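The next block holds one structure in the form of structure tokens; read it before the comments.
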Amino acid sequence: MTEMFCTDQEEPSYEIPEPDSQEASNRTQRRTLRTRKKLLAAAQGMFCRRGVDATTIEEITEQADVGKGTFYRYFSSKEDVVLALMEDMINRLIKLLRGSRKAPQSLQEVLEQLFDVHARFFMNRQEDFLLLFQGRLLLKIQSDAISGLEDHFGRYIDEIGGQLTRFLPQTLQPERVHSLAFAVVGMISGFFSFAMSGTETNDLKANMKLLRHAFVFGCKAFLVDLV
């Protein structure tokens with residue numbers, strides 16, 4: 001009888017597949033992004049509660065539940081974190097400012113759109129508002145305390161200035177338009193700071209129409225008088 005199995009037959013070999021390098025790379029990138037976002041969220045919360053100057057890197061890493069060495073793999077300093085937060089915030093604001101469905105046809109309409117965009121942004125991202133307008137970042141921008149901060153904020157001011165320009169006298173110098181845009185941002189800061197101070201979210205939403213009217217009326221009168 002012919003033997004069906006041979007004892008000296010080679011064991012079948014199974015090739016172990018190499019891990020997909022692309023998949024591993026994607027996992028690493030996702031993990032890196034998650035850690036960076038966690039650090040930024042922790043820093044933003046601490047900056048809003050304690051202020052940028054008072055917050056330490058140790059407090060940020062403790063809040064994010066990561067080691068100090070991990071922090072320095074992503075950011076070179078606390079100021080580097082501030083710049084990253086500012087860049088993200090400004091990019092989001094500019095995207096919203098450019099995304100208006102209807103092109104304004106008058107100074108009043110452009111002011112209404114500016115108010116609506118900021119209202120939507122700051123109602124949904126109140127920590128961004130607190131950091132930018134109540135966290136003394138504006139003072140740091142004006143004093144150039146953090147190198148590069150003014151560049152990010154300047155893009156925001158330029159975007160607002162560009163939207164106002166169509167309805168301002170064409171003889172105005174760019175420096176004047178920039179100053180007016182900065183003044184409008186100051187009024188936005190003032191209105192929302194006043195509105196959000198000790199006001200419940202539901203009450204703020206209910207009063208938004210009144211705030212909008214006051215902002216547009218005040219800004220329009222201010223711009224007309226100055227130009």
Original post:
Going through segment 163-184 one residue at a time, which ones are over 19 Å from Val216 (Cα atoms) and among the aliphatic types (A, V, I, L, M)?
Top reply: Leu172
**OP:** Kindly check whether there is at least one residue in segment 52-66 that is in contact (Cβ under 8 Å) with a residue 40 or more places away in the chain and either within 20 Å of Leu132 (Cα to Cα) or in a helix (DSSP H, G or I) (or both).
**Re:** yes
Original post:
In the list Phe129, Phe121, Phe115, which residue meets the criterion of being farther than 22 Å from Lys37 by Cα and of a type outside the set (D, E, K, R)?
Top reply: Phe115
Original post:
Of the numbered conditions (1) modelled with pLDDT under 90; (2) assigned to a loop (DSSP other than H, G, I, E, B), Glu23 satisfies every one except a single condition; which is it?
Top reply: (2)
**OP:** Find the residue count for segment 59-75, including only residues that are crowded, with 16+ Cβ neighbours inside 10 Å and basic (Lys, Arg).
**Re:** 0
Original post:
Out of (1) closer than 21 Å to Leu149 by Cα; (2) in the same structural domain as Leu111 (by TED's automatic domain parsing); (3) more than 15 Å from the chain's Cα centre (by Cα), the odd one out for Leu85 is which?
Top reply: (3)
**OP:** Take segment 67-80 and flag every residue that is assigned to a loop (DSSP other than H, G, I, E, B) and among the small types (Gly, Ala, Ser).
**Re:** Gly67, Ser76, Ser77
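The values are calculated or read from the model by the stated rules, or taken from the named source; none is laboratory data. The structure displayed is predicted, hence computed values, not measured ones. When we count neighbours, we look across all protein chains shown, and the Cβ atoms used for this are built from the backbone with ideal geometry, even at glycine.
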